[in-house]
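First comes the structure, then the notes that go with it.
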Amino acid sequence: MALAEQIEPAEPLVRVEDLTVRFPGGRAGFWGQTELEVHAIERMSFEIFPGETLGLVGESGSGKTTAGRAVLGRTPVKSGHIYFDGRDITNIEGDARRLLSRDMQLIFQDPYASLNPRMRILDLVAEPLIVHGLVRNRDEAVDEVKELLRKVGLPANAFERFPHAFSGGQRQRVVIARALALKPRFIVADEPVSALDVSIRAQVVNLLQDLQQEFGLTYLFIAHDLSVVQHVSDRIAIMYAGKLFEIGSADAIYSNPKHPYTEALLSAVPVPDPVIQRSQKRIVFEGEPPSPIYPPKGCRFAKRCPLATAQCENEEPPLAEKAPGQFAACWNRN
Amino acid sequence: MEYPSDSTHPDGDEAPDLNAPQIQEEEKTSTFAKAKALLSELWHDKPGFVGFVIIVALVLMAIFAPLIAPYDPAEQSLRARLIPPVWQERGTWEHVLGTDHLGRDILSRIIHGSRISMIVGVAVVALAGGFGITMGLIAGFFGGRIDAAIMRFVDTIIAFPGLLLALVILAVIGPSMTTVIIVLALNGWMVYARMTRGIVLSVRQMPYVEAAEMVGGRSFHVIFRHILPNMMSPLLTLGVLEFARIVLAEAALSFLGLGIQPPATSWGLDVANGKDYLFVAWWLVTIPGCAIAITVLAINLLANWARVTSDPQEREKRFATSVAAMRRRKKSSSPAIQAAE
């Protein structure tokens, strides 16, 4: 983690500027004359520096997965820009996009569904190499695949089996090996451990960290679980209802959160000590997130926020620097 | 979907690893070794093996029809009309399966008819299936306007009466086996297109398809490596069902005089011709009908085996069941072991 701080002043590897993603949300009106839009992400900006891990946290429907997919170009972007290594990749398509997949990869949430059940591990891990023409056929890829499997902690003889012979944790290791095959620089890990047993989550998270050290990877680590994110992230971004609410270094967010929503999230993290756990007050907010089709005019958290004022109802708070390197979108906090 | 492993088979004392589906061993790369392993696996799936044997026998019968058939299938003999099969009261060994209303030997007709029935069935399933599956894949994978265009076209063709289409084409081109195949294929590809599109839409949503796109796979690669293999089971089933339907559809066309022209013959044509004599001579319909049924059954058994074999998980399950059954047989057949336990 100290490494990341040294590099921090460098150029960001990934820069997202005013990213807005909207999905068609059906039609309204008597004749269906009004086209509705689901506001998945609204004007979101963040940067990820080389070698660091940005943890992206939010509840279901907050747009965190959509953000990850948008960065990888898997979702049409309404407006805004995504830069990778200084290059605008927002609207890149076709062969250029395919080439980009050598640099950016995705680790999926569900290792049970993200491996084709009819392909052997060898074929699965060699596939990226083959489709990019780095090897001619699977036989040429055997050595490289064995090496990748060793790196992710799978036995070398795993390569001739089918995915169903493996447990969830092992499958996730295969998924990771596959993502690493092209030697990418940037990996979006979309809730990589939430489908796994609690007992093996730590193993997979540690593996991801070891690989980061070894290959100098940059992660966008998406999760809904702050305790996992705390462990892996250099910086953390908090999302709510399609908006970025707070972003800052992991330590700052945990020790000194600026946004009331972040506070509530943190209070939900279990502490492995019953005495402390009981002494802590759990902050619970009433109500539900706003409708993504008809987002409120002001702050999206205003309806549930204990600090809400008339200003919050009417004006959207900008993401402002509340402490050095820590930004939060709240009118009532400094 | 496991077959009950039959306990009557005599090879129970064979070493279990001999019949292992070669899943764990990728070393045997020569085609011959692979074919041998596959055949061994087929041998251990008895229903599949029976189907395979019947199909091989039928194909050989069709190829060597003139050598096997005792009579010319078109040779009429009005004296020997409507002779029943040999096990009936008036049956003779001269016409083992009897004769039809024109005194033609039914056995010979079955043997010769297998040619056209099987060629038409296989050709139509291959043509209609190939075209329909391609259309369905394109529609389901690319979606949007391409999907709308293809599926509306399919709807239009389905709305058009098939028999009318057949009449028009056959009237223009003239009846022959090739025309029958083309007409039936034109009339039958839509069901493949619709079903394929439906499955593609669901398989397309699977994360492994997105994963394949994510690593940079082209559409072509994704379709043929990830989507198509994962829809083999329903498509195989559909193909087998369609084969039976096609054999009978050819019969319907032939019955109307638009299909196979005498003196050529097919199973379907014989079924159609024999209908009028159903109450006097049941064998005219029943025997070619049985031939169709046996063929379909055999294809079904083999297709079922192929379906399981193409799915690695099912294949391992089947292998495990067969090994377990073999162990059980061994145990019960040797009382010494039983006593020892």
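Throughout, read-outs are computed from the coordinates displayed, never taken from laboratory work. What you see is a predicted model; the values in this text were computed from it and never measured. Glycine gets a Cβ as well: all are built from the backbone with ideal geometry, and neighbour counts include every protein chain shown.
At B:Ala320 and B:Leu241, where each label point lies 7 Å from the Cα along Cα→Cβ, what is the point-to-point distance in nanometres?
Reported label-point gap for B:Ala320 and B:Leu241 is 3.0 nm.
Using the structure shown, select from A:Lys183/B:Lys36; B:Lys36/B:Lys317; A:Lys78/A:Lys281; A:Lys146/B:Lys317; A:Lys64/A:Lys297 the pairs with a Cα to Cα distance greater than 32 angstrom.
Where the Cα-Cα span goes over 32 Å, the pairs concerned are A:Lys183/B:Lys36; A:Lys78/A:Lys281.
Could you pull out every residue, at least 5 positions away or on a different chain, whose amide H is within less than 5 Å of the one on A:Glu37? Hs are placed 1.01 Å off N in the peptide plane, and Pro or chain starts have none.
Under 5 Å from the amide H of A:Glu37 lie the amide H atoms of A:Gly25, each far enough along the sequence or on another chain.
List the aspartates and glutamates whose Cα lies under 14 Å from the Cα of A:Lys258, skipping any in the same chain that are fewer than 8 positions away.
The reachable aspartates and glutamates, counting only those whose Cα sits under 14 Å from A:Lys258, are A:Glu246, A:Glu321.
What are the ³J(HN,Hα) values, in whole Hz, obtained from phi via the Karplus relation 6.51 cos²θ - 1.76 cosθ + 1.60 with θ = phi - 60°, for each residue of the range B:176-192 in sequence order, with x given for Gly and Pro?
Each residue of the range B:176-192 in turn: 7, 5, 4, 4, 4, 4, 5, 4, 5, 5, 4, 8, x, 6, 5, 5, 5 Hz.
Can you run phi through the Karplus equation (6.51, -1.76, 1.60; θ = phi - 60°) for the range A:58-70 and list ³J(HN,Hα) in whole Hz, with x for Gly and Pro?
In residue order, the calculated couplings are x, 7, 4, x, 7, x, 6, 5, 4, 4, x, 5, 5 Hz.
Which residue fluctuates the most in chain B, going by a Gaussian network model with Cα springs under 10 Å, if the choices are B:Phe64, B:Phe32, B:Phe131?
The residue with the greatest mean-square fluctuation here is B:Phe32.
Ignoring everything except DSSP H segments at least 4 long, calculate the 222 nm mean residue ellipticity for chain B; use -39,500 (n - 2.57) per segment, divide by total residues, nearest 500.
Estimated from H runs of four or more residues: -22000 deg cm²/dmol.
Please name whichever of B:Met195, B:Leu165, B:Phe220 sits farthest to the positive end of the charge dipole of the range B:74-288, dipole taken about the Cα centre and charges placed at Cβ: Lys and Arg +1, Asp and Glu -1.
Value computed over the given set: B:Phe220.
Using alpha-carbon positions, what is the distance between the centroids of the range A:168-235 and the range B:228-271, in Å?
Taking the Cα centre of each part, the range A:168-235 and the range B:228-271 sit 54 Å apart.
Taking a point 7 angstrom from the Cα of A:Ile200 along the C-beta vector, which residues in the range A:77-112 have backbone N less than 14 Å away?
Once the point is set 7 Å along Cα→Cβ of A:Ile200, A:110-112 turn out to lie under 14 Å by backbone N, inside the range A:77-112.
List the residues whose amide H sits under 5 Å from the amide H of A:Ala323, counting only those 5 or more places along or on another chain, with H placed 1.01 Å from N in the peptide plane.
Answer set, sorted by chain and number: none.
How long is the gain from B:Ala126 to B:Arg145 if the chain were fully straight, where each residue apart is worth 0.36 nm and the alpha carbon distance is subtracted?
4.1 nm
So for each of B:67-80, B:264-277, A:317-330 I average, over its residues, the number of other beta carbons within 10 Å; can you give me the resulting order with the highest mean first?
Ranked from most to least packed, the peptides come out as B:264-277, A:317-330, B:67-80.
Would you mind computing, in nm to one decimal, how far apart the modelled labels at A:Phe30 and B:Phe153 are, each placed 7 Å from Cα along Cα→Cβ?
With each label point 7 Å from Cα toward Cβ, the separation is 4.1 nm.
For an R0 of 22 angstrom, estimate the FRET efficiency from the Cβ-Cβ distance between B:Gln76 and B:Ile119 and round to the nearest 0.05.
It comes to 0.30.
Between A:Val275, A:Val205, A:Val71, which gets the highest mean-square fluctuation from a Gaussian network model of chain A, Cα cutoff 10 Å?
The residue with the greatest mean-square fluctuation here is A:Val275.
Restricting to DSSP loop positions (anything but H, G, I, E, B) with no more than 15 other Cβ atoms inside 10 Å of their own Cβ, which GluC sites (Glu not before Pro) remain in the range A:239-302?
Of the GluC sites (Glu not before Pro), the ones in loops of the range A:239-302 whose Cβ has at most 15 other Cβ atoms within 10 Å are A:Glu286.
Take A:Asn137, project a point 7 Å from its Cα along the Cβ direction, then tell me which residues of the range A:114-130 have their backbone nitrogen under 15 Å from it.
A:123, A:130
Only Cα pairs under 8 Å and at least 6 apart count here; give the relative contact order of the range B:74-288 as a rounded whole percent.
Computed value for the range B:74-288: 24 percent relative contact order.
How large is the charge dipole for the range B:74-288, taken about the Cα centre, if only the Cβ atoms of Lys, Arg (+1) and Asp, Glu (-1) carry charge, to the nearest 20 debye?
That gives a dipole near 340 debye.
What does the charge dipole of the range A:110-223 about its Cα centre add up to, to the nearest 20 debye, if the Cβ of each Lys and Arg holds +1 and the Cβ of each Asp and Glu holds -1?
100 debye
Got a sec? Charge dipole of chain A, +1 on Cβ for Lys and Arg, -1 for Asp and Glu; which of A:Ile176, A:Thr53, A:His81 is way out at the positive end?
Sorting the options by dipole projection puts first A:Ile176.
Considering only A:Asp197, A:Asp18, A:Asp110, give the residue with the highest GNM mean-square fluctuation for chain A, with springs between Cα atoms whenever their separation is below 10 Å.
Greatest mean-square fluctuation among the candidates belongs to A:Asp197.
List the residues whose amide H sits under 5 Å from the amide H of A:Ile107, counting only those 5 or more places along or on another chain, with H placed 1.01 Å from N in the peptide plane.
Correct list: A:Val188, A:Ala189, A:Asp190.
Please list, in order along the range B:267-277, the HN-Hα scalar couplings obtained from phi with the Karplus expression 6.51 cos²θ - 1.76 cosθ + 1.60 (θ = phi - 60°), rounded to whole Hz, x for Gly and Pro.
These are the phi-based 3J(HN,Hα) values: 4, x, 4, 5, 4, 5, 5, x, 4, 5, 9 Hz.
Suppose R0 equals 30 Å; then what is the FRET efficiency for B:Thr134 and B:Ile68 from their Cβ-Cβ distance, rounded to the nearest 0.05?
Once rounded, the FRET efficiency stands at 0.20.
With r defined as the distance between the Cβ atoms of A:Val275 and A:Gln209 and R0 fixed at 22 Å, what FRET efficiency is calculated, to the nearest 0.05?
Result of the calculation: an efficiency of 0.15.
Treating the beta-carbon of each Lys and Arg as +1 and of each Asp and Glu as -1, no other charges, what is the dipole magnitude of the protein assembly as shown about its Cα centre, to the nearest 20 debye?
With only Lys, Arg, Asp and Glu charged at Cβ, the dipole is about 920 debye.
Positive end of the dipole of chain B, charges at C-beta (+1 Lys, Arg; -1 Asp, Glu), about the Cα centre: which of B:Gly91, B:Ser117, B:Val183 has its Cα farthest in that direction?
After comparing all options, I get B:Val183.
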